[in-house]
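Worksheet: the structure to be examined is printed underneath.
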Amino acid sequence: MAKGTMTLLNGAVLDCYPLKHPEAKVDNAMKLDTTGKYLTVGRSKRRRDAPSKNDEERKMLFLNNAFLFLQNKDRIMSDSRMFLCPVPIQNGLAYTGTAGFNHPTLGVYLEWWLSCEKATILKEDKTKWLVYFISGSPLSGANKCGIVNEKGEIDSESICPFSPIWSSFTSINKRYDEAKSLYQAYTLEEVVKKLGQKAILRLMARRYKFLH
């Protein structure tokens with residue numbers, strides 16, 4: 001099967017490796033939520049599905065290695081299978097829900113961290129944090145986003161203005177919808193191992209408060 005290609009924000013063209021059986025088309029077009037789950041602002045009483053143990057492990061693997069991925073951005077952004085590696089974070093907004101945020105990838109996060117000034121935070125103690133979770137209202141701007149530091153510690157932050165955060169992420173994310181459906185991708189564990197790091201999978205989730 002012939003290789004396909006995809007073009008990154010920086011103009012680089014990557015060779016891609018088609019799946020034998022393409023997956024369902026990813027659609028990140030912005031639209032109002034039709035489920036009724038996201039048509040509220042502030043504290044929602046809707047019940048969230050409990051994440052599986054595997055989802056929690058993959059999430060913590062991503063957070064524990066966020067700065068490792070950023071440090072190895074050139075390598076990841078030169079390999080389509082690393083770039084398209086799925087990231088188990090579901091962002092969302094009031095009114096539009098998960099539209100624009102579905103199926104983010106490692107490459108999407110890297111391009112976003114590199115291009116959106118608000119996606120990195122330098123606190124007063126000089127510690128650097130990366131925004132990894134987006135949640136808020138696109139109308140009022142009220143938000144509570146998740147951030148992670150180099151030690152893998154997580155915290156929450158209200159970011160102002162909020163619009164540049166979510167609009168830049170959705171723009172980058174939907175850019176690769178076709179590629180996510182058609183081409184092969186590594187898992188997070190495979191990427192970490194290829195970067196020469198030992199993947200730590202025995203994670204004590206009880207030590208962390210997940211923000212969603």
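The values are calculated or read from the model by the stated rules, or taken from the named source; none is laboratory data. No experiment lies behind these values; they were computed from the predicted model shown. Positions of Cβ are generated from backbone atoms using ideal geometry, with glycine treated the same way; all protein chains shown enter the neighbour counts. Just the protein is used for accessible areas: all its heavy atoms, side chains included, with ligands, DNA and RNA removed. Shrake-Rupley method; radii C 1.70, N 1.55, O 1.52, S 1.80 Å.
If I compute solvent accessible area with a 1.4 Å probe over the protein chains, what percent of it on the stretch 50-169 is carbon and sulfur?
Numbers: 2430 of 4980 Å².
Accessible surface attributable to carbon and sulfur in the stretch 50-169 totals 49 percent.
Using 0.36 nm per residue, how much length does the chain from residue 124 to residue 194 gain when fully extended, once their Cα-Cα distance is taken away?
Residue separation times 0.36 nm, minus the Cα-Cα distance, leaves 21.7 nm.
List the GluC sites (Glu not before Pro) in the stretch 57-162 that DSSP assigns to loop (not H, G, I, E or B) and whose Cβ has at most 16 other Cβ atoms within 10 Å. Which are they?
Answer in residue order: 124, 150, 153.
Hey, can you find the accessible area per residue of the stretch 101-203 for me, probe 1.4 Å, expressed in square angstrom?
Accessible surface, normalised per residue, equals 49 Å².
Select from the stretch 112-158 those trypsin sites (Lys or Arg not before Pro) which occupy a DSSP coil region and have at most 11 other Cβ atoms within 10 Å, ordered by residue number.
Counting only loop positions with at most 11 other Cβ atoms within 10 Å, the trypsin sites (Lys or Arg not before Pro) in the stretch 112-158 are 126, 151.
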